Amino acid sequence: MTESKREIYLDNSATTRICEAALAKYVEISRGNFGNPSSLHALGFEAEKIISDAKKTVLDSVGAKDAEVVFTSSGTEANNLAIIGRAHSKERYKGRAKIITTDGEHASVSAPLEALKKEGFKVVTIPTVGGKLDTGALISEITPDTVLVSAMMVNNETGALYDVKKISEIIKAKAPEAYLHVDATQSYMKIPFTKASLGADMITLSSHKIEGPKGVGALVIGSRVFKERGISPLVLGGGQESGLRSGTENVPAIGAFAEAVRVAKPNVSLRREYMDSLRAQLIKIIESAPELSEISVTKPECHAPHILNITLPRIKSETMLHYLSSLGIYVSSGSACSSNGAHTSSALIAYGRSAEEADTSIRISFSHGNTAEDVTALAEALKSGLKKLSRIR
């Protein structure tokens, strides 16, 4: 009997494996706490308490005492709620208000902004060449009619870490009525931060990026937003989630999300250091191995610990991805949410890569469960892949 091939999962920015504690919590709630949290009986109260406790856990995890949590079906929905909800909160905004974002955002930010642009909103994108936000352009573009700035904390493809606090300071100086929305799906439980350290009014989080279940995300909303009635719901109905997200809540997933937070929170700094060491190990191998000398490594000055993007020498990213997959090594060619489309990565173009380079780039994303041996195996697979695929090319 042949030994089964060991799989090496290096696509953790797309999704993570659910941790045992979160999985156990999901099963426990599904079996024992199946009541509707809106029901006015004991089972309903039990379910409602699970949601209430989960909200407290999430708020505590980002040090947000002056905020509320709205649970959604995903980070994508949370981003849409923040952006469209803000734009539609005041009738006077339509056709007049300005929204500012960066040029390398996830599709769940750029797509709703494109829709708002068709409604007459002024949408401006700020350059992020080299993985660094152009603060001069931001200062020039923020005007009194700006109602929202939406920016990711970590770019999901390049791993660039943006200076979100600086954005907040510029907003307060030039357009204090504007809100700052931060998409933190790639930084949550990877890099320590608080709501105050970001200076954010709204923060998007996602469960399945932190070893929780799929199908649940969260939008942390500051009390200022509620006081000013600065956000409107996208989903109407029974008025759940503070009236901002109607529909019966996914109680097992919400409870499991909170459990994943409880497991990860004490270990954020240690995991960050460990994942960064794996990233550094791979960079060192690529830059020192003659067989990998033609690979170009994307290295933003400020970076997340878990993401590394590399550009191959004239080999399509999809081709290398399938080769590595055949060896049981799983990486990606970019954002999982846009990989089904036939378009060039806007994040890599924004960084400064050419269209050809973007089409030959792969993303490696680590978790604390990966090992130095995984990195070595990937490097060896890249060597054999370049040799074999170059001949085919």
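All of the numbers you see were taken from the coordinates with simple rules; none came from a lab. None of these values were measured; they are calculated from a predicted model. Glycine also receives a Cβ, built like all others from the backbone with ideal geometry; neighbour counts cover every protein chain displayed.
Table for the structure above
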read-out: Spin-label model distance (nm) - Ser39 vs Lys214, 7 Å beyond Cα toward Cβ; value: 2.9 nm
read-out: Which of Lys118, Lys284 has the fewest Cβ neighbours within 10 Å, and the rest in rising order; value: Lys118, Lys284
read-out: Flagged links, alpha-carbon separation over 19 Å, of Lys209/Lys265; Lys55/Lys166; Lys25/Lys65; Lys166/Lys227; Lys90/Lys174; Lys94/Lys122; value: Lys55/Lys166; Lys25/Lys65; Lys166/Lys227; Lys90/Lys174
read-out: Extension reserve of the Cys302-Ile139 stretch, reckoned as 0.36 nm per residue once the Cα distance is removed; value: 56.6 nm
read-out: Residue exposure sequence - Val154, Val268 - by fewest surrounding Cβ within 10 Å; value: Val268, Val154
read-out: Cβ-based exposure ranking for Arg272, Arg96, Arg229, in which fewest neighbours within 10 Å come first; value: Arg229, Arg96, Arg272
read-out: The chain, relative contact order [Cα under 8 Å, separation at least 6], %; value: 24 percent
read-out: Dipole of the chain [Lys/Arg +1, Asp/Glu -1 at C-beta], most positive-end residue of Ala82, Ala137, Ala253; value: Ala137
read-out: Square roots of five times the Cα gyration tensor eigenvalues for the range 69-139, Å; value: 21, 17, 10
read-out: Cross-link reach list, lysines versus Lys387, counting only Cα pairs under 26 Å and skipping chain neighbours closer than eight places; value: Lys5, Lys284, Lys299, Lys316
read-out: Tensor-based shape of the chain (alpha-carbon gyration tensor, a/c under 1.5 rounded, otherwise prolate or oblate); value: oblate
read-out: Chain lengthening between Arg96 and Glu356 when straightened (0.36 nm per residue, less Cα-Cα); value: 89.8 nm
read-out: Angle between the chain longest axis and helix 164-174 axis [Cα atoms, degrees, rounded to 10]; value: 40 degrees
read-out: Angle between the chain longest axis and helix 75-87 axis [Cα atoms, degrees, rounded to 10]; value: 50 degrees
read-out: Overall form of the range 95-241 per C-alpha gyration tensor (a/c, 1.5; a/b vs b/c); value: rounded
